[in-house]
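Participant: Starting off with a structure, shown below.
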Amino acid sequence: MYKIFLLFLLSPCLVLSKHEEYLGHALYEVRVSNENQGSFLNEVVQRFFLDKWHPTITGQDSLILVPGDLKEDFQKEMIRANIAYEVKCDNIKEQLDLEDQLLSAAAARSNRSSPALPYDVIHRYDVVNNYLQTVANSYPNVQIASAGKTVEGRDITYLRISSDNFQSRNKPVVFLMSLLHAREWVTLPGTLYAIEKLVIDVQDRSLVNNIDWIIMPIANPDGYEFTHTNTRMWRKNRRQNSGWSFCPGVDLNRNFDHQWGTSSSSSPCSDTFHGTGPFSEPETAAVRNVLNEVRNRLELFIDLHSFGSMILYGFGNRQLPPNALTLNMVGVRMAQQIDAVKWRDNRNYRVGNIVDLLNYGASGGSSDYVQSLGNLLSYTYEMPAYRNQNTLNGFLVDPAFIHQAGMETWEGIKAGARYLIERRYAAMAR
């Protein structure tokens, strides 16, 4: 009994000892008023290796995480450039601790009453993999597969959902994935909710009868697990970079073979380090290999990221694909369906080219690579942050938003899928 009581007394200390590396890190809200200020801010972020949580967009707020020992230097740079800033959180560790507490409390209350995973916690890698296996074992129209192994040997697992075991040569394929960036936890409910609505609680049978689906919930398993066990804000995979043992990891969304290395970082210490070459990482090579299996029928690709309430299409060098008008039209359809059910306090989705909306170029991205494969629809969703209370910002997840995140994102995905069906029937009627 004494040991149990002592453990109870010590448990708050154990919780508080987590996230120590973020002690004193401050979250700044920064607003630039012109392109020159935006360029200067981006240069400061790169020079100090700061963690930019939100893109620098003229006239809009950007969130930047600054270590305690760089606060003074950062503020001097902002003052020198006459850039407006506000400290939103003077110690981000407090928000990280709060996220842990909220998710732990939700897990304690969780009561799984359906075959689907509950939407009150962010599920770990093993839980998700076991769930995918259970779904595949329970439903004849679902197959589970591994796209390959990660750097640390984990399976990159995905589901194939089809009414005819992918035997049709005419049905379009939709590829949906999440967690390519490890810290973007809120994207996982988007893929899990899609699985539920396509397999367990099917409300629109035409989405399964007329489309084959590939869903990869955790595209970066090593990085994702690392955000749970070690560094919450980790973005990259867990590659041990040769000669840079103190700067591990590759940004997987800069490692695909489209304009590789042109708008990314060659420094392993950067969060946008592009790796040693296109598809140098087993995770991106695995995605490529799965794409190649369905390349002739692939018509819609959606990579879920956070945050920002945006639907982005290529290319990351500002060049537009030949089907840009269709991309924009379908993107608007998807955004409108999300906006119709979103929380009122969250901003409406915006749709557009990557560079036009983010105000910076990006190379080696998944959606750009897929777009380069042909005349198809390829998007990156930037799902919203939880904005309804001031104590949580950006990538951090409140359990109250998990179900909503999955539900509203599915409305957008459905709109894109239905467009494929409409287009197919219109072509058949000609």
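The values are calculated or read from the model by the stated rules, or taken from the named source; none is laboratory data. Since we're looking at a predicted model, the values are computed, not measured. All Cβ positions, glycine included, derive from the backbone under ideal geometry; neighbour counts span all protein chains shown. What goes into the accessible areas is simple: the full protein's heavy atoms, side chains included, and nothing from ligands, DNA or RNA. Shrake-Rupley method; radii C 1.70, N 1.55, O 1.52, S 1.80 Å.
Participant: Please specify each residue of segment 213-245 satisfying the condition of being in a helix (DSSP H, G or I) and open to solvent by less than 30 Å² (accessible area, probe 1.4 Å). Steps first, please.
Facilitator: Step one: of segment 213-245, the residues in a helix (DSSP H, G or I) are 221-229.
Of everything in segment 213-245, those that are in a helix (DSSP H, G or I) and open to solvent by less than 30 Å² (accessible area, probe 1.4 Å) turn out to be PRO221, ASP222, GLY223, TYR224, GLU225, THR227, HIS228.
Participant: Residues of segment 147-163 being in a loop (DSSP other than H, G, I, E, B), in contact (Cβ under 8 Å) with a residue 40 or more places away in the chain, open to solvent by 20 Å² or more (accessible area, probe 1.4 Å) and not hydrophobic (A, V, I, L, M, F, W, C), which ones? Outline the logic, then answer.
Facilitator: Of the residues in segment 147-163, the ones in a loop (DSSP other than H, G, I, E, B) are 150-154, 162-163.
Okay, now just the ones that are also in contact (Cβ under 8 Å) with a residue 40 or more places away in the chain, so 150-152, 154, 162-163.
Narrowing the set further to residues that are open to solvent by 20 Å² or more (accessible area, probe 1.4 Å) leaves 151-152, 154, 163.
Once the filter is applied, which keeps residues that are in a loop (DSSP other than H, G, I, E, B), in contact (Cβ under 8 Å) with a residue 40 or more places away in the chain, open to solvent by 20 Å² or more (accessible area, probe 1.4 Å) and not hydrophobic (A, V, I, L, M, F, W, C), segment 147-163 yields GLU152, ARG154, SER163.
Participant: Hey, can you tell me all the residues within segment 56-98 that are under 16 Å from MET233 (Cα atoms) and in a loop (DSSP other than H, G, I, E, B)?
Facilitator: Hits for segment 56-98 are PRO67, ASN91.
Participant: Further question on the same structure: Which of (1) crowded, with 21+ Cβ neighbours inside 10 Å; (2) modelled with pLDDT of 95 or more; (3) of a type in the set (Phe, Trp, Tyr) is the odd one out, the single condition PHE279 does not satisfy?
Facilitator: Of everything listed in (1) crowded, with 21+ Cβ neighbours inside 10 Å; (2) modelled with pLDDT of 95 or more; (3) of a type in the set (Phe, Trp, Tyr), PHE279 misses just condition (1).
Participant: Conditions: (1) of a type outside the set (Gly, Ala, Ser); (2) assigned to a strand (DSSP E or B); (3) more than 25 Å from PRO399 (Cβ to Cβ); (4) within 19 Å of the chain's Cα centre (by Cα). ILE144 meets all but one. Number of the miss?
Facilitator: (4)
Participant: Return yes or no: is THR326 under 30 Å from LYS93 (Cα atoms), of a type in the set (Val, Ile, Thr), in contact with a Leu (Cβ under 8 Å, 6 or more places away or on another chain) and open to solvent by less than 60 Å² (accessible area, probe 1.4 Å)? If you could, list the steps in order and put the result at the bottom.
Facilitator: Values: under 30 Å from LYS93 (Cα atoms): no; of a type in the set (Val, Ile, Thr): yes; in contact with a Leu (Cβ under 8 Å, 6 or more places away or on another chain): yes; open to solvent by less than 60 Å² (accessible area, probe 1.4 Å): yes.
No; evaluated as a whole, the condition is false for this residue.
Participant: Now, a different point. Of the residues that sit in segment 359-377 and are of a type in the set (A, V, I, L, M) and within 17 Å of the chain's Cα centre (by Cα), which one is most open to solvent (accessible area, probe 1.4 Å)? First the steps, then the outcome.
Facilitator: If we filter segment 359-377 for residues that are of a type in the set (A, V, I, L, M), which is where we start, we get 362, 370, 373, 376-377.
Add one more test, that the residue is within 17 Å of the chain's Cα centre (by Cα), and what stays is 362, 370.
On the way: ALA362: 16, VAL370: 1 Å².
Restricting to residues being of a type in the set (A, V, I, L, M) and within 17 Å of the chain's Cα centre (by Cα), the top hit is ALA362.
Participant: Could you figure out which of (1) at pLDDT below 95; (2) open to solvent by 60 Å² or more (accessible area, probe 1.4 Å); (3) under 20 Å from the mean Cα position of the chain (by Cα) isn't true of SER270?
Facilitator: It is condition (2) that SER270 fails.
Participant: Further question: Failed condition for HIS54, given (1) closer than 20 Å to GLY190 by Cβ; (2) modelled with pLDDT of 95 or more, with all others met?
Facilitator: (2)
Participant: Looking only at segment 164-190, filter to residues that are of a type in the set (D, E, K, R) and within 18 Å of VAL294 (Cβ to Cβ); which one of those is most open to solvent (accessible area, probe 1.4 Å)? Let's see the steps before the verdict.
Facilitator: At the first step, the residues of segment 164-190 found to be of a type in the set (D, E, K, R) are 164, 169, 171, 183-184.
Keeping just the survivors that are within 18 Å of VAL294 (Cβ to Cβ) gives 164, 169, 171.
Values: ASP164: 53, ARG169: 213, LYS171: 8 Å².
This residue is ARG169.
Participant: Here is a further query. Out of all the residues in segment 104-146, which are open to solvent by less than 80 Å² (accessible area, probe 1.4 Å) and among the acidic types (Asp, Glu)?
Facilitator: Within segment 104-146, just ASP120 meets the criteria.
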